[in-house]
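Nothing in this text is a laboratory measurement; each read-out follows from the coordinates by a stated rule. If you're wondering where the values come from, they're calculated on a predicted model, not measured in any experiment. Note that each Cβ is placed from the backbone with ideal geometry, even for glycine, and that neighbours are counted across all protein chains shown.
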Amino acid sequence: MNQEQNGYKPMSTEERLRKRKLANRLMDSLEQHIFICEGVCCIKKGNALEVITEFRDELIKNGLAEKVKLTEVKCFSRCADAGSMVVYPEGIWYQGVSMDDVKTIVREHLIGGEPVKDRIAYSRSDTGQFVRSSLFPLDEEFI
């Protein structure tokens, strides 16, 4: 079976260049990138799939869809922090994020520039290292 029989149609050089230019334009407009875990623990404890949908809706409602990219990640391996997400370029790792937190994170962090302190699991120190928040000590069960 050839590639076209599998539903694959090779792109022309012109189409490839057009898509590359579009991708570059989109990257130029990005200000932040959110990664949300959709691993088993985050789905069970944090309703990750609903949180992802709510974030997408809030980004659109607040005119941020062109400025903030949202990417779903299969697993962060941070089950102790289930409901995990990270916002770059700041490098703020949130834990326990639920539907109730989405509007607050969008309003305070993405729009206002102030991370939501009571959900931060890790943030960057002055030296650039990730530091665990004292609000959420590590759970011995997951170490």
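Under a Cβ-Cβ cut-off of 10 Å, what is the net charge of the residues other than Gly46 that fall near it, where Lys and Arg count +1 and Asp and Glu count -1?
-2
Against the longest alpha carbon principal axis of the chain, how many degrees, from 0 to 90 and to the nearest 10, is the axis of helix 13-29 turned?
That helix lies at roughly 20 degrees to the long axis.
What FRET efficiency comes out for the pair Leu17/Lys74, r = Cβ-Cβ distance, R0 = 35 Å, nearest 0.05?
Result of the calculation: an efficiency of 0.65.
Which value, in debye to the nearest 20, describes the size of the charge dipole of the range 33-142 about its Cα centre when Lys and Arg Cβ atoms bear +1, Asp and Glu Cβ atoms bear -1, and nothing else is charged?
Once rounded to the nearest 20, the dipole reads 200 debye.
Report, in cubic angstrom per residue, the convex hull volume of the C-alpha atoms of the range 51-143.
Value for the range 51-143: 105 Å³ per residue.
So for the range 33-142, averaging the separation of alpha carbon pairs under 8 Å that are six or more residues apart and normalising by length, what relative contact order in percent results?
Across the range 33-142, relative contact order equals 27 percent.
How far, in degrees from 0 to 90, does helix 48-61 lean away from the longest principal axis of the Cα atoms of the chain, to the nearest 10?
So the inclination is approximately 70 degrees.
Where the Cα atoms of the range 65-106 are projected onto their three principal axes, how long is each span, largest first, in whole Å?
Taking the Cα atoms of the range 65-106, the three principal extents are 31, 21, 18 Å.
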